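I have placed the structure first, in the form of structure tokens, so that the comments after it can refer back to it.
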Amino acid sequence: MGGPVRIVIVGGSFGGLTTAYELRRHLGPERAEITLVARDDQFRFVPSFTGVAMGRRRLEQISFPLAAPLAAKRVRFLNETVANIDTASKVVSTDAGEHPYDFLVIATGHRSANEAVPGLGPFDGPGHSPMSAGETAELAEAVQRLLAEPGPVVIGAAPGASCIGPVYELAFGLDHLLRRRGLRHQVPMSLLTPEPFLGHMGMGGAGTIRQLLEAALEERDIAYRTSAAITRVTEDTLETADASSIPSVCSIIIPPLAGVEAVAASEGLGNPKGFVPVDDHYRHEVADGVYAVGVAVALPPVEGSAVPVNFPKTGHMTEQMAKIAAADLVGRLQGHEASTNELSARCILEMGDRAAYLAVDPVRPPRNRIPTVSEGRPWLLAKIVFERAYLAFARRGRLLPTALGW
Ligand SMILES: Cc1cc2nc3c(=O)[nH]c(=O)nc-3n(C[C@H](O)[C@H](O)[C@H](O)COP(=O)(O)OP(=O)(O)OC[C@H]3O[C@@H](n4cnc5c(N)ncnc54)[C@H](O)[C@@H]3O)c2cc1C
């Protein structure tokens, strides 16, 4: 073979960055020319968006510019927006040019499908959500306005949502913030979820998380409804399919997700929702040399439910997918077969002044292990330490050792 193989990675978050670091660990610059293209020039520690929304963290504290660590790894960084991917001629087209590839890794995350429910926001309607840095900054301002002018609040997820954990984190976080300010008695709070039961989270539940969440919400006077189908968000109400209208001056609703426009617009790449169909090595089912990892991947729901809930794709799962895809790509170049694993998940769910730890293996039931569910203040400390450690490692071109992570 001639010169170095050309690998293009699209996305600079958990999926893209992990893939870049993993590939470079195994393939030197003489073997692979790696280019990472991302429309945001920053890495963001997305799980801390809920902390930013509550005013506990600032976006700058959970972000770092991608250029320097990638340059140190001899990964070319392009701060460009991909518009189209031609899988036949193997070319990625951006707002700034064309980038041919031999291998492509798609790690573009999601688009919030706000069109699914009228009023989902913040930029399409009066609702709020923490699904991107810009939306999180807007939500943080909405929370400050609520503190100045308290009123009823609904926090929830729309039908078809897959990212349910933040619903609970936001409800507990806001409850905690309001109590600290002595304002909780002026803010009736409701949690509305499409899940058939609390803690289903699109993965069929996990051990005793349901009981833990029920007790925690009841203890804190947060009213909740499961199998709730939100149909409209207005400036001061939230409507559901059973014709109820709940007063809410601040509706924080997680939307259903879709694949990004660039994937949806590229022929033969995504499914009708714009997610990328892959095999168990995260190779595209059809397109040669194409991989996808993270939220961009198409993964079916675990089961049907009265109101649809989709399969979660967490940061920890994204990291595993990136490692499997990178190992497979390296294996193809070095002429050996790489192994793969079913996805497991570990996550820490913030609950105001404490947190719950959840570990499932595999994510999709039935499971080999009884899920671990634990609650307490040390888990909140663990999450804070994890965020800082992850960022400190990642900005130096390293991944936090798995045993310490998530
Ligand atoms: C509020 C919130 C809280 C969460 N909490 C947790 C948690 O506690 N634990 C956990 O494990 N997971 C959590 N998650 C999930 C976790 O954040 C995601 O799994 C993770 O961010 C997915 O990483 P990704 O690389 O697939 O995509 P993303 O993080 O969405 O990143 C997508 C990347 O693609 C780039 N991109 C997109 N489109 C284009 C384009 N057209 N051209 C160029 N670049 C493009 C973006 O700039 C970005 O760099 C949370 C998610 C949210 C929203």
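As a proxy for reagent exposure, His200, His176 were ordered by neighbouring Cβ count within 10 angstrom, fewest first; the result is His176, His200.
Farthest towards the positive end of the charge dipole of the chain, among the residues Gly199, His185, Tyr357, is the Cα of Tyr357, using unit charges on the Cβ of Lys, Arg, Asp and Glu. Ranked by the mean number of other Cβ atoms within 10 Å of their residues, highest first, the peptides 364-375, 99-110, 341-352 come out as 99-110, 341-352, 364-375. Think of each Lys and Arg Cβ as +1 and each Asp and Glu Cβ as -1; about the Cα centre, that makes the dipole of segment 248-305 roughly 220 debye.
Report the label-to-label distance for Thr81 and Leu400 in nanometres (one decimal), using points 7 Å from each Cα along the Cα→Cβ vector. Distance between the two pseudo-spin positions: 3.1 nm.
In this calculation the C-beta distance from Glu60 to Ile370 is compared with R0 = 45 Å, giving a FRET efficiency of 0.65. Which of rounded, prolate or oblate describes segment 269-406 when judged by the alpha-carbon gyration tensor and an a/c cut-off of 1.5? In terms of gyration-tensor shape, oblate. A simple rule links phi to the HN-Hα coupling: the Karplus curve 6.51 cos²θ - 1.76 cosθ + 1.60 with θ = phi - 60°, which for segment 157-170 gives 9, 7, x, x, 5, 10, 9, 8, x, x, 4, 5, 4, 5 Hz, with x for Gly and Pro. The packing ranking of peptides 287-294, 181-188, highest mean first, is 287-294, 181-188, where packing means the average number of other beta carbon atoms within 10 angstrom of each residue.
Separation of segment 385-406 and segment 220-254, taken as the distance between their Cα centroids, equals 37 angstrom. Placing R0 at 25 angstrom, the Cβ-Cβ distance between Asp95 and Ala389 gives a FRET efficiency of 0.10 after rounding to 0.05.
Between Gln61, Val295, Gly109, the Cα set farthest toward the positive side of the dipole of the chain (charges on each charged residue's Cβ, about the Cα centre) is that of Gln61.
Around the amide H of Leu78, modelled in the peptide plane, lie the amide H atoms of Leu36, Val37, Ala38, all under 5 Å away and 5 or more residues distant in sequence or on another chain. Net charge dipole, the chain: roughly 1460 debye, given to the nearest 20, about the Cα centre with Cβ charges of +1 for Lys and Arg and -1 for Asp and Glu.
Measuring from centroid to centroid over Cα atoms, what is the spacing of segment 89-165 and segment 296-357 in Å? Taking the Cα centre of each part, segment 89-165 and segment 296-357 sit 20 Å apart. Spin-label model, Leu147/Leu183: points 7 Å from Cα along the beta carbon direction are separated by 0.7 nm.
A short reminder: the numbers here are calculations on the coordinates, not readings from a lab. Source: prediction; values computed, not measured. Here the Cβ is made from the backbone with ideal geometry for all residues, glycine too, and neighbour counts use every protein chain on show.
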